[in-house]
1. Exactly one of (1) out of contact with any Lys or Arg (no Cβ under 6 Å at 6 or more places or on another chain); (2) within 18 Å of LYS186 (Cα to Cα); (3) of a type in the set (A, V, I, L, M) is unmet by ALA121. Its number?
2. Look at ALA121 and say whether it is surrounded by 14 or more Cβ atoms within 10 Å (Cβ to Cβ), among the small types (Gly, Ala, Ser) and modelled with pLDDT under 90.
3. So VAL102 clears everything in (1) touching a residue at least 12 places away in the same chain (Cβ under 8 Å); (2) open to solvent by 20 Å² or more (accessible area, probe 1.4 Å) except one condition, right? Which one?
4. Which of the following residues is farther than 25 Å from HIS189 by Cβ and of a type in the set (A, V, I, L, M, F, W, C): ALA60, ALA71, ALA25, ALA11?
5. For region 69-85, give me the residue count where each residue is assigned to a helix (DSSP H, G or I) and open to solvent by less than 50 Å² (accessible area, probe 1.4 Å).
6. Would you check if there is a residue in region 95-111 being at pLDDT below 80, in contact with a strand residue (DSSP E or B) (Cβ under 6 Å, 6 or more places away or on another chain) and not in a strand (DSSP E or B)?
7. Restricting region 43-68 to residues that are outside any helix (DSSP H, G or I) and touching a Leu at 6+ places or on another chain (Cβ under 9 Å), which is farthest from ILE139 (Cα to Cα)?
8. For ASP146, work out the one condition from (1) surrounded by 13 or more Cβ atoms within 10 Å (Cβ to Cβ); (2) more than 18 Å from the chain's Cα centre (by Cα) it doesn't fulfil.
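The values are calculated or read from the model by the stated rules, or taken from the named source; none is laboratory data. As the structure is a prediction and not an experimental result, all values here were calculated from the model. Please note: Cβ atoms are built from the backbone with ideal geometry, for glycine as well, and neighbour counts cover all protein chains shown. To get the accessible areas, we keep the full protein, side chains included, count just its heavy atoms, and leave off ligands, DNA and RNA. Shrake-Rupley method; radii C 1.70, N 1.55, O 1.52, S 1.80 Å.
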Amino acid sequence: MHLDKKYFLKAIGNKRYKNAFEWCAGHGEIGFELITAGLCETLSFSDIHPGSEEWCLKNATSLGLADNVRAYTTPTISKIPTSEKWDLVVGNPPNSLDVDPVALADMIEKGLSKDHIQTFARTTWDIGLKTHRDFFQNISKYLADDADIFISCQISQLSLLSEPFAKYGFKLVKIFDMLPDDPGLKVFHIKSV
């Protein structure tokens with residue numbers, strides 16, 4: 001397992017949480033950074049890709065954390081049992097809210113398979129904010145009081161995200177730099193209003 005999501009640890013600081021959730025988890029790199037650093041006691045993961053759940057549970061077992069970790073395969077968080085309550089939510093969802101025609105043309109020119117292109121598109125582009133809207137529409141029923149949300153996104157998309165923030169009762173608290181080689185990619189700290 002390759003853990004390199006320390007920029008979330010910097011944004012969160014030294015605050016400790018009981019139950020954390022990683023949205024759009026993939027292999028669970030952010031969540032495993034949190035729990036192995038002692039920032040949370042339990043951890044839940046979700047991702048649309050079925051292999052993600054298996055990978056996260058396998059990693060939890062290898063780290064001796066199987067009793068502290070749950071994972072869900074679902075295209076929407078509203079399919080997760082409402083018995084889940086989190087005081088920390090992190091995520092690295094699709095960071096671009098539109099198709100990158102240059103990247104798409106490059107993949108087609110390289111002869112990449114349709115499945116490869118679709119997987120790339122699903123994990124990279126959130127056309128029409130569908131994934132983000134679903135998240136903000138449904139996440140409140142899973143949040144403990146005073147929960148913190150930290151998600152990554154391109155700073156250029158902030159004006160588009162402001163609408164679902166406000167519509168579903170959230171506010172932007174602070175913006176953190178994420179990667180030195182991509183100054184546009186940020187971590188947004190969000191809370192319920």
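1. (2)
2. Here the answer is yes, as ALA121 does meet what is asked.
3. Failing condition for VAL102: (1).
4. ALA60
5. Matching residues across region 69-85 total 2.
6. Taking every residue of region 95-111 in turn, at least one turns out to be at pLDDT below 80, in contact with a strand residue (DSSP E or B) (Cβ under 6 Å, 6 or more places away or on another chain) and not in a strand (DSSP E or B).
7. Filtering first and then ranking leaves LEU65.
8. (1) is the only condition that ASP146 fails.
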